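The values are calculated or read from the model by the stated rules, or taken from the named source; none is laboratory data. What you are looking at is a predicted structure, and each value in this text was computed from that prediction instead of being measured. Note that each Cβ is placed from the backbone with ideal geometry, even for glycine, and that neighbours are counted across all protein chains shown.
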Amino acid sequence: MSTLLYSLGRWSFRHPWRVLSAWLLILLVAGGGALGLNKGFDNSFSIPGTESQEGLEQLSRTFPQVSGTSAQFIVVAAPGESVEDAAYREPIEAAVSELADLPDVSSATSPFDGLVSGMISDGGTAAIAQLQFDAIQTEITGDDKAALQAVVDDLAERLPDGSQTALGGELFSTELPTVTITEAIGVIVALLVLIITFRSLVLAGLPLAVALIGVGASLLGLVAATQFATVSATTPMLALMLGLAVGIDYSLFIAARHQDQVRDGMELEESAGRATGTAGSAVVFAGVTVLIALIGLSFANIPFLTTMGIAAAVAVAVAVLIAVSLTPALLGFAGHRAIGRLPRRRGARAAGTGTASAGGTASVSGPGTAAPPARKSFSERWVAGVTRRPVLTTVAVVLGLGLLAAPIGSLALALPNAGALPRDNEARIGYDLTSEHFGPGFNGPLILTGTIVTSDDPLGLLEDLRDEVEALDGVKEVALAAPNETADTGIVQIVPETGPDDPATSALVRELRAHQGEWLDRYGIDLKVTGFTAVAIDISDRLGKALVPFGIFVVGLSFVLLMIVFRSIWVPLKAALGYLLSILAAFGVVAAVFSWGWGADLLHVARTGPVIAFMPIVAMGVLFGLAMDYEVFLVSRMREDFVHAARRLGATRDVAVGAVRSGFAASARVVTAAAVIMFAVFAAFVPEGDSNLKPIALALAVGIAIDAFVVRMTLVPAVMALLGEKAWWMPRWLDRLLPHFDIEGEAVERERSLADWPEPASTAVVAAEDLEIATDDARLAAGVSLRAEPGAAVVIASSDPRAARAVGLAIAGRTVPTGGLLRVAGHLLPERAAWVRAHVGLALLAGAEDPVREARAAVRGRSRRRGAETRDRGSLVVIDGADTLAPAVRDQLAAVLRDAAYASAPEPLTIVATGTDAGAVRRLVLDAGWTDVREVDVAPGGALPSGPRPASSIEVNA
């Protein structure tokens with residue numbers, strides 16, 4: 001991964017216009033798709049497989065008059081008057097008649113209709129008129145809503161002075177979220193932080209440009225996707241928030257590494273490549289963790305939440321791709337301006353050489369006099385204090401976060417309704433007026449429905465059912481009990497005593513369902529509880545049940561991934577526990593604001609109470625990926641310093657603590673900037689943001705601040721200091737079992753250190769030195785050294801066919817060397833194994849059904865895939881098992897190789913042939929026309945007792 005990103009970074013740096021043009025083209029294509037395919041966002045919630053959803057589907061088939069969305073308007077009489085007076089009754093009935101004639105309105109019920117009850121409040125202070133639509137909420141157009149509003153506004157003008165009207169109900173229960181000027185504050189804060197971090201206006205604007213282009217492409221693509229999938233209006237806001245935050249941070253990590261390297265004197269193009277290969281590897285890892293966590297939202301098995309997770313994951317994926325490709329391209333435009341204004345050096349400026357201790361503190365000495373030590377930075381002083389008293393720090397952090405998490409028990413979850421809208425919203429006004437005059441239950445009625453086709457007296461059956469339902473605790477009244485026109489389906493509309501997001505309403509739904517068996521036996525009908533409120537309750541219940549398995553998935557995933565990265569048991573355990581502390585504290589703060597009301601007015605919270613039901617699972621998924629991001633950037637530098645210091649000084653506790661301090665000081669600046677930017681972007685969505693997104697944004701902002709500054713930059717170094725050198729312990733069997741992921745760019749560093757091996761400007765097609773290939777059970781070959789120039793043939797023989805074949809497979813990039821050095825066509829292995837596999841032909845002839853055809857496929861594949869770097873050194877084909885063939889077949893094989901060599905002229909073709917019979921293999925390549933033939937013997941399990949012979953020691957000339 002790191003070598004691939006290194007090459008991508010260098011290429012992008014050399015071709016900035018191509019990369020920028022490609023991304024702008026992607027942006028234009030996404031914009032065109034958005035214009036042509038936009039179908040609009042869908043704020044309706046459904047949950048397949050639940051009773052409430054099955055009930056709605058049944059009503060849509062048999063009782064379509066009540067299956068669509070609903071609306072209502074409330075009229076409140078002036079003080080001292082009654083809505084039953086003629087001055088109110090006549091205009092209300094006229095408005096109801098006018099509304100009934102509007103398109104898509106299936107019925108408009110007057111509060112004075114004798115078939116309904118409870119639509120006039122006690123004392124006649126208010127009345128509610130109900131509207132039913134044929135279509136679902138998302139199919140009602142803006143023009144339809146405007147027509148409703150016009151009728152209600154006209155009614156308000158005809159009513160006596162002092163009266164109130166408000167249009168609301170299910171149709172108006174949510175509003176489309178929009179981007180406000182407040183969200184731009186987060187971007188401004190990000191720019192200021194970037195200017196301070198880079199000390200360069202050019203470099204400060206780079207991450208912002210990268211993030212904005214990536215977010216633009218993501219959001220436009222999401223709008224186009226509405227043609228093919230149901231997307232809620234909250235989804236693009238979540239994608240915007242995440243894409244902007246991670247896009248800035250990911251580009252920041254790469255640009256900051258580039259600036260540090262350039263300031264240290266590295267050449268610009270090389271620095272861009274290495275920054276992309278090292279910091280870019282960590283970016284890819286962090287992005288993958290966020291992707292996995294977001295896709296894990298499908299655990300809840302709720303379609304709209306799955307779509308939300310996938311959309312947000314796409315935004316993060318685009319942020320990763322654009323960070324590793326466009327960032328080095330823009331660095332190419334920036335050139336030497338990436339250096340910025342160098343920070344003023346503090347402390348002594350005496351001439352001399354600086355030395356660094358294991359702990360990362362620097363000293364400067366000069367000839368003849370001792371200069372005072374350089375003044376330590378804040379990060380150095382901070383980590384020194386934290387690691388000096390690790391037990392006290394750990395206990396203080398855990399207790400403090402525990403106190404923050406205390407309010408979490410009062411956190412209630414529900415789906416959004418009009419009660420969460422701003423107080424000046426008309427639907428919110430209608431919601432509050434309904435609660436005041438009729439009780440909160442009128443804002444969330446329930447529907448009991450079932451098939452009554454077997455009943456001889458459907459009206460009597462529904463009346464009996466009405467009486468039984470009204471006798472239940474929590475039921476205020478039954479507003480309607482009626483069959484459909486064909487008398488095969490009946491509904492009972494129930495008004496609870498409590499509001500739609502009250503836990504008591506959820507308890508009533510469960511109570512109604514508990515009587516289903518009893519009513520089935522008594523009346524012979526299978527009843528279902530449904531309606532908008534019941535659907536919301538079912539979604540909340542399913543989300544609640546999904547939290548534990550999702551939490552196990554996220555924490556378990558973090559543990560495994562960090563074990564792979566850091567080759568340690570304690571580091572991932574500490575990281576996972578720190579993540580749990582962060583998320584619990586964040587949820588505690590959300591509960592304090594939205595349940596207890598602390599700071600609610602300051603954050604413009606419209607109403608305290610339950611928060612949107614999918615807040616915990618979304619926040620857990622997103623914060624997980626971001627927490628692992630900071631963990632990787634901080635701890636990987638600590639591990640790097642520990643490994644280097646341990647080689648010189650030994651793996652002692654002092655060395656481990658020193659590595660914690662030096663690694664922290666080296667990475668704290670960038671991590672601090674990234675965390676501040678992330679916090680600013682998320683926090684900007686809280687004050688004026690969408691009411692549904694507000695608790696999610698608050699949880700993420702608080703969670704980021706706690707995780708970055710309290711957990712990762714305080715608790716982590718303290719715990720690492722407590723563990724000392726044991727922090728990096730892992731059982732050997734587990735280390736062999738886990739795959740390796742080069743998160744720190746070690747492969748890039750190895751390539752740079754071996755850039756001149758076997759010698760500067762080498763022309764060798766194959767070069768190996770002390771090559772070793774081993775499995776878990778045995779060492780197949782060791783001590784193998786060889787060299788092949790363009791046009792040569794190398795015969796590799798061994799008495800063990802596995803040994804010779806293993807060397808051939810390693811040269812062809814099909815197996816990974818476990819020791820030594822190997823370079824093929826200028827590419828170092830195993831780092832460049834993917835390139836070698838694509839450009840080196842391989843023919844395994846032993847046991848092949850048609851060996852000649854296998855050989856033809858190998859040389860043809862090689863000729864199709866060779867590129868400029870291959871042509872510089874010629875082409876390469878590896879053949880194994882030619883000695884097992886009959887002489888006639890070997891003759892055909894020799895002819896195939898002769899033809900391949902002729903076809904590749906003037907480019908020389910290099911052959912590596914392996915087998916057990918060196919003589920037979922040598923005769924093959926001689927018959928094929930090769931004159932420069934070199935032979936290498938490989939002893940099973942290692943080199944020959946006399947040691948490996950130089951590859952050039954045996955040459956046979958025909």
Exercise. Does at least one position in segment 551-558 carry a residue that is in contact with a Pro (Cβ under 9 Å, 6 or more places away or on another chain) and without any contact (Cβ under 8 Å) to a residue 24 or more places away in the chain?
Worked result: no
Problem set entry | Residue match in segment 708-726 (condition: modelled with pLDDT under 90, of a type in the set (Phe, Trp, Tyr) and more than 19 Å from Leu562 (Cα to Cα)) | no
Exercise. How many of the residues in segment 849-881 are in a strand (DSSP E or B) and at pLDDT below 85?
Worked result: 1
Exercise. Out of all the residues in segment 799-814, which are of a type in the set (Gly, Ala, Ser), part of a loop (DSSP other than H, G, I, E, B), farther than 11 Å from Asp880 by Cβ and in contact (Cβ under 8 Å) with a residue 40 or more places away in the chain?
Worked result: Ser799
For this session: Starting from residues that are in a loop (DSSP other than H, G, I, E, B) and at negative phi, keep the ones in segment 832-848 and report whichever is surrounded by the most Cβ atoms within 10 Å (Cβ to Cβ).
Result: Val840
For this session: Could you look through segment 643-669, keep only residues that are modelled with pLDDT under 85 and of a type in the set (A, V, I, L, M, F, W, C), and pick out the one that is farthest from Met563 (Cα to Cα)?
Result: Leu649
Seminar exercise, completed: Checking Ala150, Ala166, Ala184 in turn, the sole residue that is modelled with pLDDT of 90 or more, under 44 Å from the mean Cα position of the chain (by Cα) and either crowded, with 17+ Cβ neighbours inside 10 Å or not aromatic (Phe, Trp, Tyr) (or both) turns out to be Ala166
For this session: Please name all residue pairs, on different chains or six or more residues apart, with Cβ atoms under 6 Å, provided the first residue is in segment 1-22 and is closer than 15 Å to Val210 by Cα and the second residue is surrounded by fewer than 16 Cβ atoms within 10 Å (Cβ to Cβ).
Result: Pro16/Phe333
Problem set entry | Elements of type helices (runs of 4 or more DSSP H) in segment 448-533, at least 3 residues being aliphatic (A, V, I, L, M) and closer than 26 Å to Met119 by Cα | 458-470, 503-514
Seminar exercise, completed: Among the residues of segment 729-747, the number that are under 28 Å from the mean Cα position of the chain (by Cα), at pLDDT 70 or above and assigned to a helix (DSSP H, G or I) is 3
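This table checks each residue for (1) free of Cβ contacts under 8 Å to residues at least 60 places away in the same chain; (2) surrounded by 18 or more Cβ atoms within 10 Å (Cβ to Cβ); (3) more than 30 Å from Arg199 (Cβ to Cβ).
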position	(1), (2), (3)
His604	no, no, yes
Met620	no, yes, yes
Phe624	no, yes, yes
Val632	no, yes, no
His644	yes, no, no
Phe685	no, yes, no
For this session: Those residues that are among the small types (Gly, Ala, Ser) and modelled with pLDDT under 80, I need them from segment 552-587; list them, please.
Result: Ser558
Exercise. Which of (1) assigned to a loop (DSSP other than H, G, I, E, B); (2) over 42 Å from the mean Cα position of the chain (by Cα); (3) surrounded by 19 or more Cβ atoms within 10 Å (Cβ to Cβ) does Pro817 not meet, given it meets every other one?
Worked result: (2)
Problem set entry | Residue check, Thr434 part of a strand (DSSP E or B), in contact (Cβ under 8 Å) with a residue 40 or more places away in the chain and β-branched (Val, Ile, Thr) | no
Exercise. Which ones in segment 423-478 are out of contact with any strand residue (DSSP E or B) (no Cβ under 9 Å at 6 or more places or on another chain) and among the basic types (Lys, Arg)?
Worked result: Arg423
For this session: Go through the residues of segment 448-464 one by one and say whether even a single one is within 22 Å of Gly49 (Cα to Cα) and of a type outside the set (S, T, N, Q).
Result: yes
Problem set entry | Pairs where the first residue, in segment 23-34, is part of a helix (DSSP H, G or I) and the second is surrounded by fewer than 17 Cβ atoms within 10 Å (Cβ to Cβ), C-beta under 9 Å, 6+ apart | Gly33/Gln227
Problem set entry | Members of segment 28-62 that are crowded, with 16+ Cβ neighbours inside 10 Å and over 30 Å from Gln516 (Cα atoms) | Ala30, Gly31, Gly33, Ala34, Phe41, Asp42, Asn43
Seminar exercise, completed: Counting only residues in segment 463-486 that are of a type in the set (Gly, Ala, Ser) and within 22 Å of Gln130 (Cα to Cα), the one modelled with the lowest pLDDT is identified as Ala479
Problem set entry | Selection status of Val655, without any contact (Cβ under 8 Å) to a residue 24 or more places away in the chain, more than 23 Å from Val548 (Cβ to Cβ) and aliphatic (A, V, I, L, M) | no
Problem set entry | Some residue of segment 298-309 being in contact with a Gly (Cβ under 6 Å, 6 or more places away or on another chain) and of a type in the set (Gly, Ala, Ser) | no
For this session: From Ser7, Ser60, Ser82, Ser52, grab the single residue that is touching a strand residue (DSSP E or B) at 6+ places or on another chain (Cβ under 8 Å) and not hydrophobic (A, V, I, L, M, F, W, C).
Result: Ser52
For this session: Give segment 532-581 a look and list any residue that's among the charged types (D, E, K, R), out of contact with any Asp or Glu (no Cβ under 8 Å at 6 or more places or on another chain) and within 24 Å of Pro717 (Cβ to Cβ), or say none.
Result: Lys574
Seminar exercise, completed: Every listed condition ((1) loosely packed, with under 14 Cβ neighbours inside 10 Å; (2) of a type in the set (A, V, I, L, M, F, W, C); (3) under 18 Å from Val807 (Cα atoms); (4) at pLDDT 85 or above) holds for Ala886 save (3)
Exercise. Of these, Leu411, Leu421, which one is more than 30 Å from Val152 (Cβ to Cβ), modelled with pLDDT under 90, within 30 Å of the chain's Cα centre (by Cα) and outside the structural domain of Phe594 (by TED's automatic domain parsing)?
Worked result: Leu411
For this session: For segment 298-333, name all the residues that are more than 30 Å from Ala536 (Cβ to Cβ) and more than 17 Å from the chain's Cα centre (by Cα).
Result: Ser325, Leu326, Thr327, Pro328, Ala329, Leu330, Leu331, Gly332, Phe333
